[in-house]
Every structure is written in structure tokens, then in C-alpha cells.
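Single-structure report; data block below.
The values are calculated or read from the model by the stated rules, or taken from the named source; none is laboratory data. These numbers come from a predicted model, not from an experiment. Side chains included, ligands, DNA and RNA excluded: accessible areas come from the protein's heavy atoms. Shrake-Rupley method; radii C 1.70, N 1.55, O 1.52, S 1.80 Å.
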Amino acid sequence: MLFELFIVICAGLVFGSFITCASYRLPLEIDVIKKPSYCPKCNTTLGFSDLFPIFSWLFSGGKCGHCSAKISARYPLIELITGALFAFLYLRYGLTLQGFILAGTVIMLMIMIVADLEHFIIPDCVHVILLPLAIAYHFVGGTFSADILWGFGLMTGLALLLHYGYSALRGRSMLGFGDVKFFAIVGVWLDLSAIPVFLFISGILGVLLGLIWRILGKGQVFPFGPALAIALFLCLIYPQITNILFLIR
């Protein structure tokens with residue numbers, strides 16, 4: 001078990017490195033697969049020793065080995081978070097199909113969070129990949145039913161109402177179209193009974209994120225995607241969280 005856990009953590013660190021790359025390139029429409037890794041300051045192609053998760057950053061002192069430009073701590077931080085999440089999924093689900101599907105979901109949600117925080121964009125590929133993952137998750141768990149269509153329709157309608165309704169009342173958008181698409185995907189992932197809880201949690205997290213965003217002096221407009229991504233993850237990992245409805249009542 002310890003050896004498997006070690007391998008899982010290493011895989012999480014590697015995918016964390018991929019997340020840092022994808023979250024930077026996708027909003028800028030830079031090829032993620034074919035173009036080799038490079039320093040964004042001096043454009044030097046990076047070698048294997050430059051790409052070893054966490055340790056490359058530590059050994060280089062957080063600087064590019066070619067031009068000495070500072071490398072953001074976001075890179076090892078994202079790698080560590082992804083490694084920890086992979087370890088959590090392994091301890092909870094083991095090496096199961098459900099665990100692998102959720103690991104893929106974590107990768108997409110992490111890309112979404114980082115890209116939205118840095119570029120105010122949720123890449124379309126996140127939605128494209130999360131949709132089949134949701135369907136596969138229901139098939140594996142034996143929960144595939146017509147409720148998926150109801151959830152998809154409900155969340156799409158609600159998101160469009162919030163987008164256009166708020167714009168009509170306040171003259172600015174409450175949800176971007178990336179958020180609208182994510183709402184629709186959430187409707188496929190979650191049972192109908194979990195949707196109110198998702199909305200409640202994402203709302204609370206959104207308020208907290210907005211406060212922190214303003215305290216840090218980043219402006220009045222803040223990305224809502226991270227709150228949505230974390231809320232979905234919590235509802236998936238802890239389905240019993242729907243019991244929160246009884247506390248609200």
C-alpha cells in the first residue's frame with residue numbers, strides 16, 4: 001500500500017506540472033501537447049532537469065537556469081496540491097475506476113481554477129473533458145438515469161437566467177459564459193438533490209473569494225470559477241453533504 005501511495009503521489013506531482021503548463025497555455029491558445037516546455041522569459045526550451053516536479057524549482061532557487069528569471073512559487077504549490085489530492089483519492093477509493101475518473105476530474109478542476117484566477121477564463125477543453133468524465137462516473141457507479149438530462153436542463157436554464165437577468169438589472173454580467181457552461185456540466189455530474197447544496201456552497205465560497213480578492217487589491221470583479229470547482233469537488237467526494245439542507249431548514 002505504501003509503495004502504491006508513493007507512486008500515486010508521484011503521478012499527482014507530474015500531473016500538477018502538467019496543470020501549471022495547461023493553465024498558462026490554454027487561455028493564450030498555445031499548443032499544450034506539441035510545443036515543448038520553455039521559459040516564458042527567455043524562450044529557452046527546458047530539459048528534463050528543469051522539469052522535475054518541485055525539486056527542479058528548489059534546486060534552482062526558484063529561478064530559470066538559463067536567464068535567472070524568477071519562477072513563480074505557483075508551480076511547486078500546484079504540484080504539491082495535486083499530489084495531495086491524488087493521495088486523498090487513493091486513500092478513499094483505492095486503484096478503482098471511480099478513483100481514476102475523479103483523478104481526471106481533479107486535473108480539469110485544477111486547470112479551471114488556476115486559469116480563471118490568472119486569466120479570468122475557463123478553457124473550453126475543461127468542459128469538453130468533464131462531460132464524458134461525468135457520464136463515465138455515472139456508468140461506473142450505476143447511477144446513470146434520465147435525471148442527468150433534467151439536471152443539465154435545470155442548471156443551464158438557471159445559469160442563463162443569472163447571466164442575462166443580472167445583466168439586465170445591473171448592466172454587467174454576474175456569470176461569464178465559461179461559468180454558464182460549467183453550470184450545465186454540474187447538472188450532469190450531480191443528482192438533483194445535490195444541486196441546491198452545490199449552489200449554497202459555491203455562493204458562500206464565492207463571497208469569501210470576493211472578499212479576499214478585494215482585500216488583496218485586485219479589483220471589484222473576481223473569478224467565480226474557483227468557487228464553482230471547489231463546490232463540485234466537495235459535493236462529489238462527500239455526497240452526504242446534501243444533509244446540509246436539513247440544517248438550513
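Observations, loosely collected:
- Computed accessible area, residue 110, all protein chains, 1.4 angstrom probe, square angstrom: 20
- D (Stokes-Einstein, µm²/s), Kirkwood Cα radius, region 13-55, 1.567 mPa s at 4 °C: 118
- Helix-derived mean residue ellipticity, 222 nm - over the chain, DSSP H n ≥ 4, -39500 (n - 2.57), to 500: -22500 deg cm²/dmol
- In summary, the aspartates and glutamates within cross-link reach of residue 70, defined as a Cα separation below 16 angstrom excluding same-chain residues under 8 places away, comprise 50.
- Heavy-atom accessible area ranking, 1.4 Å probe, most first, across 60, 68, 202: 68, 60, 202
- Contact order normalised by residue count of the chain, Cα under 8 Å, 6+ apart, percent: 17
- Counting heavy atoms of the protein chains alone, residue 133 has an accessible area of about 30 Å² for a 1.4 Å probe.
- Relative to its residue count, the chain spans a Cα convex hull of 153 Å³ per residue.
- For the chain, accessible area per residue (1.4 Å probe, heavy atoms of protein chains only), Å²: 55
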